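Below is one structure, written out as structure tokens; comments come after it.
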Amino acid sequence: MKTQQELTDYINEAIASIPYPQQPAGLYEPIAYTLSSGGKRLRPTLLLSVMEALGGKASDAVNQAMGIEMYHNFTLVHDDVMDNADLRRGRPTVVHKWGRDTAILSGDAMLTMATQLMARCPADKLPDVMDVFNRTAMEVYEGQQYDMEFEQRVDVSVEEYMNMIRLKTSVLLAGACEIGAVMAGAPAEVRRAFYDYGVSLGLAFQLRDDYLDTYGDPLIFGKEIGGDIVNGKKTWLLITARSEDSDGALSRIMAANPAPQEKIEAVREIYDALNLPRRITRLIEQYTDNAVRVLDTVSLQPGWKDYFTSLALSLNDRAL
């Protein structure tokens, strides 16, 4: 049984060995640059760990793991174009370093390469693998569209937000898990169980990000906290506070748009008064528990239940 670090090292080596064409360099250099920037490699390691937990070999699903990571990074490149972002993982973004046109085109190439990698599997697995991959990709786009539309709305409900983060964040984790199960030849009920595991994992992960942006330790977080508040980003915290803003205090603060630190402190006081830190923590724990309970419904190779349980708990407890 491989450890998470061993799987991460394995996928990093595979990604580093991708044979990009030498020309045109302007197309492929941004792709290699993006994939070399690291990241948690959570999605490909999930895919490989499910494969091994169900009795398969990681080497038999390495193309799919690289494909899911290529796809994930494609979405980040295009997100940075839409946000006109300067930094990603502490380095200049592709759009900042090479410009908008190159970022769009190299991102398009990444999507095609991800599809090519995903399709490199036995013929009997190909239809199901591509069905999961394409369905997941379309749902990610739906989630991104909802997220953009929410920027223009003040009436977003908690239910709408949870559906948006399920689509934008969770389904890619879930799809990675399900593809791992498909590659291992698992039956439909096992595929569904691991898909559900990934969905719950993703919801807990995103809610934890919401919490950390407002309540994290800036020394550990690596940046000033409160960016979501300053930018009026729709999060579970802001949406819930808006729905319970009986005296209009939150609406007045957001409309006045005071200096950033003053705004952060004022909004956080409202969150504290509504007990939102504890409430979102309980919700994170609930989704983490949901993920762990799913593991009781599947038969795994020795040690893997503890592996997936520890992974869920570590994402819940993380400080970053």
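Laboratory data are not the source of any read-out in this text; all were calculated from the coordinates shown. Since the structure is predicted, the reported quantities are computational estimates derived from the model, not experimental observations. Methodologically, a virtual Cβ is constructed for each residue, glycine included, from the backbone with ideal geometry; neighbour enumeration extends over all protein chains shown.
The table for this structure:
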{"read-out": "Given Lys168/Lys234; Lys168/Lys263; Lys2/Lys125; Lys57/Lys168; Lys2/Lys40; Lys57/Lys305, the pairs whose alpha carbons are separated by over 22 Å", "value": "Lys168/Lys263; Lys2/Lys125; Lys57/Lys168"}
{"read-out": "Semi-axis lengths, Å, region 77-223, gyration tensor of Cα atoms, sqrt of 5 times eigenvalues", "value": "28, 22, 15"}
{"read-out": "Computed E for Lys97/Thr297 - FRET, C-beta separation, R0 56 angstrom, nearest 0.05", "value": "0.75"}
{"read-out": "Length released on extending from Asp217 to Asp247, taking residue separation times 0.36 nm less the Cα-Cα span", "value": "7.8 nm"}
{"read-out": "Signed unit charges on C-beta, dipole axis of the chain, positive-most listed residue Ala291, Tyr20, Tyr271", "value": "Tyr20"}
{"read-out": "Debye, to nearest 20: dipole size of region 266-305, +1 on Lys, Arg Cβ, -1 on Asp, Glu Cβ", "value": "20 debye"}
{"read-out": "Hull-based mean projected area of the chain, where the convex hull spans the alpha carbons, in square nanometres", "value": "16.4 nm²"}
{"read-out": "Using θ = phi - 60° and Karplus 6.51 cos²θ - 1.76 cosθ + 1.60, couplings along region 172-179 (whole Hz; Gly, Pro as x)", "value": "6, 5, 5, x, 4, 4, 5, 5"}
{"read-out": "Only Lys, Arg (+1) and Asp, Glu (-1) charged, at Cβ; the chain dipole about Cα centre in debye", "value": "480 debye"}
{"read-out": "Cβ crowding within 10 Å averaged over residues, with 46-57, 81-92 ranked highest first", "value": "46-57, 81-92"}
{"read-out": "Region 240-320: relative contact order in percent, alpha carbon pairs under 8 Å with at least 6 residues between", "value": "22 percent"}
{"read-out": "Estimated 222 nm signal from helices in the chain, with DSSP H stretches of n ≥ 4 weighted -39500 (n - 2.57), rounded to 500", "value": "-22500 deg cm²/dmol"}
{"read-out": "Gain on full stretching of the segment that runs from Thr115 to Asp86 - 0.36 nm per residue minus C-alpha separation", "value": "7.7 nm"}
{"read-out": "Test item: Cα-centred dipole of region 1-104, Lys/Arg +1 and Asp/Glu -1 on Cβ, debye", "value": "120 debye"}
{"read-out": "Separation of the Lys2 and Ala32 label points, Cα + 7 Å toward Cβ, nm", "value": "2.4 nm"}
{"read-out": "Glu224-Asp306 pseudo-label distance in nm [points 7 Å out on the Cα-to-Cβ vector]", "value": "4.5 nm"}
